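The values are calculated or read from the model by the stated rules, or taken from the named source; none is laboratory data. All figures in this text were calculated on a predicted structure; none of them were measured in a lab. Note that we place each Cβ from the backbone using ideal geometry, even for glycine, and neighbour counts take in every protein chain shown. Surface accessibility is based on the protein's heavy atoms, side chains included, excluding ligands, DNA and RNA. Shrake-Rupley method; radii C 1.70, N 1.55, O 1.52, S 1.80 Å.
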Amino acid sequence: MAVHAHPDDESSKGAATMARYVAEGVEVMVVTCTGGERGDILNPAMDRPEIKADIAAVRQEEMARAREILGVRQEWLGFVDSGFPEGDPPPPLPEGCFALQPLETAAEPLVRIVREFRPHVMLTYDERGGYPHPDHVMCHRVSVEAFEAAGDPDRYVGTGDPWQPLKLYYHMTFNQERLEALHAAMEKAGLESPYGDWLKRFEDAPSPWTVTTRVPCADYFEIRDKALLAHATQIDPNGFWFKCPLDLQREAWPTEDYHLARSLVDTELPEDDLFAGVREKVCL
């Protein structure tokens, strides 16, 4: 189960991993916390009045196409996008948005889905949300709450029979080693790299989390990109995501990367499989 803040997050973080496991016969669920109603339109070709007027429905349609491409199941938690506050000082968050919900209110529908779907592994963001969007930070909080509470029969009574996931991972998609490898590969190929500015950010704010798990999934990068493109309001086909050729990506960095944050099974680090330790304990 991969828990994400907005539609499109599932395609930019861990999509090739999910596609690989789907191809191997694993049942995969994406949970989307909000509808992305306050997200900006980032593709100039979609920046049109009729799209803006019905952005919530458009993003639902995009999500439907992406989940079909990835071959995953998907559920909405049903909360309203908080938007990304900008300014100095930043404005207050909108009343009723996801990030302002009491933790138990926000986590209850996720606990219900965990108890129904019964995942062995959960994926989410780190404490900083991967980046400091209020919805990403809240997504982290509700994911950890659900991981820790879903197996306790005394918590969230009435949301189904208890179920305890066995491993919780944080996405490490934009880790420094990966970006350095892609940056070097593009320069070696005589291509203009889009990763220079990203690498400078690590000088100011290095990540406190290490990569523990690298999942080989290069064969599924093309599926990942098709799922990304399904989110047409968010993804410019001429933009950042597609600057690095697929063949070069497969050669320079053929994995998607994670930090193992919780584990109730024995496993040896580093890992190359999200189900390491789980396969030995249960019959998948």
Note on residue 63: of the conditions (1) touching a helix residue (DSSP H, G or I) at 6+ places or on another chain (Cβ under 7 Å); (2) open to solvent by less than 30 Å² (accessible area, probe 1.4 Å), unmet is (1)
Residue that is most open to solvent (accessible area, probe 1.4 Å), among those in the stretch 111-139 that are among the aliphatic types (A, V, I, L, M) and out of contact with any strand residue (DSSP E or B) (no Cβ under 6 Å at 6 or more places or on another chain) = 137
Out of all the residues in the stretch 140-163, is one or more in a helix (DSSP H, G or I), open to solvent by less than 60 Å² (accessible area, probe 1.4 Å), β-branched (Val, Ile, Thr) and touching a residue at least 24 places away in the same chain (Cβ under 8 Å)?
-> yes
In the stretch 2-37, the residues that are in contact with a Ser or Thr (Cβ under 7 Å, 6 or more places away or on another chain) and open to solvent by 20 Å² or more (accessible area, probe 1.4 Å) = 13
For the stretch 251-269, does any single residue satisfy the condition of being in a helix (DSSP H, G or I) and open to solvent by 20 Å² or more (accessible area, probe 1.4 Å)?
-> yes
Any residue in the stretch 202-223 that's touching a residue at least 24 places away in the same chain (Cβ under 8 Å): show its pairings with residues that are assigned to a helix (DSSP H, G or I) and acidic (Asp, Glu) at Cβ separation under 6 Å, as long as the two are six or more apart or on different chains.
-> none
Condition set out of contact with any Gly (no Cβ under 8 Å at 6 or more places or on another chain) and open to solvent by less than 30 Å² (accessible area, probe 1.4 Å), scope the stretch 226-247, selection nearest to residue 184 (Cα to Cα): answer is 244
